[in-house]
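Below you'll find the structure, written out as structure tokens, and then a few comments.
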Amino acid sequence: MEDKIQQWLDGPYDPETKEAIRNLSPEEKKEAFSSTLLFGTAGLRALMGPGPNRINIYTISQASQAVALYLESHAPLDAPVVIGFDSRHNSAQFALRAAQVFAGNGRKVFLFSSLCPTPLLSFACRYLHCCAAVMITASHNPKEYNGYKLYLEDGAQLIEPEDTKITKLMENITSPSQVKIDSSSSLISPPPSSLIPAYIEAISSYATKKKENKFCLIYSSLHGTGIELMPQALAAYGFSSIFYVKEQISIDGNFPTVPSPNPESKAALSLGIDLLKKMQADLFLVNDPDADRLGAVVRDKETCSILTGNQIAALCASYIANVYRNSNPHPPTTAVFIKSIVTTDLVKKIALAHSIECIDTAPGFKYIAAWIKHGEKEKNAKQFLFGAEESYGFLAGDYCRDKDGIAIGCLLAQIAYEAWEKGETLVTLLSKLYEQYGFFYEETVSHAF
């Protein structure tokens, strides 16, 4: 560990980084230098700060150089990379550095010029025919964190053994001098203007025309990227009565109104619930900062009910299954739902009742994406309809390969609207599902380490 610290103090690192290292406590030095970052469940994710086990401009550069080397033998040089970033501190700077590294390795880069929700990046990877995509985000982690999500050509996060291959390439890059950087490259440009309209069209398959109505929505992006897309998406679904949690509209990497920007946390929902009550609105939707997760609160008479990830999954599964069955009176057995093993088996019961296969995977949405890809290659290709994780991650359709809190927010609002027209709520619909399939109860207990 001491050798690594001295290597950073003596090496080609900037003076601010060296001074930050000197100011670390012994425990902080141990955590920052005793190991190196590895690609895990959601790519690289760690506290920001100096050292090989922290997210900083050097580890971002190292990771990007490793990915560039990997792509040399796995993709033609004319296949581009697309890069997006969220509202966290340093995200824009890290995204630019990643772009400069790929350009330094001779590869064209589409770099978003403003905030990019994670699902839009996954969609962009496919839409722009990229060989890889990078999202600078730490999703719903506290403000001190940042990360590096890596997607390959199908728009899905990499899984084993590719993650191990890239990690080994990273380990061989021990100095900034090994990283190729082009700071003024013509290879870097923003994505085309057609991207967002194409995404909105792709997620609007369940949209219906709506009469003038008093159905009222509340929305919060928790100071993150969702505010860039959710208003357009809800408008495409025909929703006009939308109110925003004004204290949380601002783009702010400090996430000042919440202890942690996680829709699973009740504390993160409190301002939205207050507005839901005040406005006598029908539904409160909330995304995490990179908008790949969705939380929801329903006002049922005078009660505000926080939906769990399992309950949202069941409601969406039932709706999608009914739409599919109505459009396919004699459906083939190739339609499929995919869920993680820790997600409610109510989803499986609903699927089987509609002659839809349901596959269980390990936790991590990248495994759901891997099953989508696998199903497409089978002799009788499987039609993917819906994927779900109890940790508030959902995908309806194969237009992208990561969970999509924007699209599922619109779908859930559509389901709530159709129930509202009948004088019902999402709580009513859940009760009906329990009556039909049996009562399911799950509880998640989270511990921070």
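The accessible-area ordering, largest first, of the residues Tyr145, Tyr13, Tyr151 stands as Tyr145, Tyr13, Tyr151, per a 1.4 angstrom probe. Measuring with a 1.4 angstrom probe and ignoring ligands and nucleic acids, Cys130 comes out at about 10 Å² accessible. Its residue count N fixes a reference of 2.2 N^0.38 Å for the range 228-286, and the Cα radius of gyration divided by that reference is 1.18.
Centroid-to-centroid, using Cα positions, the range 133-172 and the range 373-449 are 25 Å apart.
Once you sort the root eigenvalues of the Cα gyration tensor of the range 54-132 as a ≥ b ≥ c, which label holds: rounded (a/c under 1.5), prolate (a/b larger than b/c) or oblate (the other case)?
Since a/c reaches 1.5 but b/c is at least a/b, the shape of the range 54-132 is classed as oblate.
Between the helical axis of 118-127 and the longest alpha-carbon principal axis of the chain there is an angle of about 80 degrees. Helix-only arithmetic for the chain: the sum of -39500 (n - 2.57) across DSSP H runs with n ≥ 4, divided by the residue total, places the mean residue ellipticity at 222 nm at -12000 deg cm²/dmol. Summed over the residues of the chain and divided among them, the accessible surface reaches 42 Å² per residue at a probe radius of 1.4 Å. Using a 10 Å Cβ count of at most 11 others and DSSP loop calls, identify the longest part of the chain lacking such trypsin sites (Lys or Arg not before Pro). No qualifying site falls inside 1-208, the longest such stretch.
Computing Cα extents along the principal axes in Å directly from the structure and comparing it against (1) 79, 61, 44; (2) 62, 47, 38; (3) 70, 52, 39 singles out (3). Taken as Cα centroids, the range 8-79 and the range 237-258 sit 32 Å apart, rounded to the nearest whole angstrom.
With 0.36 nm allotted per residue and the present C-alpha distance subtracted, the Ser113-Thr334 stretch has 75.5 nm of extension available. What the Cβ-Cβ distance of Ala448 and Lys209 gives, at R0 = 45 Å and to the nearest 0.05, is a FRET efficiency of 0.50. Would you mind checking the tilt of helix 266-279 against the longest principal axis of the Cα atoms of the chain, expressed as 0 to 90 degrees and rounded to 10? Long axis of 266-279 versus the principal axis of the chain: about 40 degrees. Summary: within the chain, the longest segment free of GluC sites (Glu not before Pro) located in DSSP loops with at most 14 other C-beta atoms within 10 Å is 1-143.
The order of His89, His74, His129, His140 by accessible area, most exposed first and with a 1.4 Å probe, is His129, His74, His89, His140.
For Lys209, the lysines whose Cα comes closer than 29 Å to its Cα, not counting residues fewer than 8 places off in the same chain, are Lys246, Lys277, Lys278, Lys301, Lys403, Lys422, Lys432.
For the range 360-419, the residue among Cys410, Tyr392, Phe365 whose Cα projects farthest onto the positive side of the dipole built from Cβ charges is Phe365. Considering only Asn326, Ala20, Phe123, and ranking their Cα positions along the charge dipole of the chain that arises from unit charges at the beta-carbon of Lys, Arg, Asp and Glu, the one farthest toward the positive end is Asn326.
For the range 224-240, the residues whose amide N sits under 20 Å from a probe point set 7 Å from the Cα of Lys278 along the beta carbon direction are 224, 227. Against the chain, whose longest principal axis comes from its Cα atoms, helix 365-377 is set at around 80 degrees.
The values are calculated or read from the model by the stated rules, or taken from the named source; none is laboratory data. Because the structure is predicted, anything quoted here is derived from the model rather than measured. FYI the Cβ positions are ideal-geometry reconstructions off the backbone, even for glycines, and counts take in every protein chain you see. Keep in mind that these areas ignore ligands, DNA and RNA; they rest on the heavy atoms of the full protein, side chains included. Shrake-Rupley method; radii C 1.70, N 1.55, O 1.52, S 1.80 Å.
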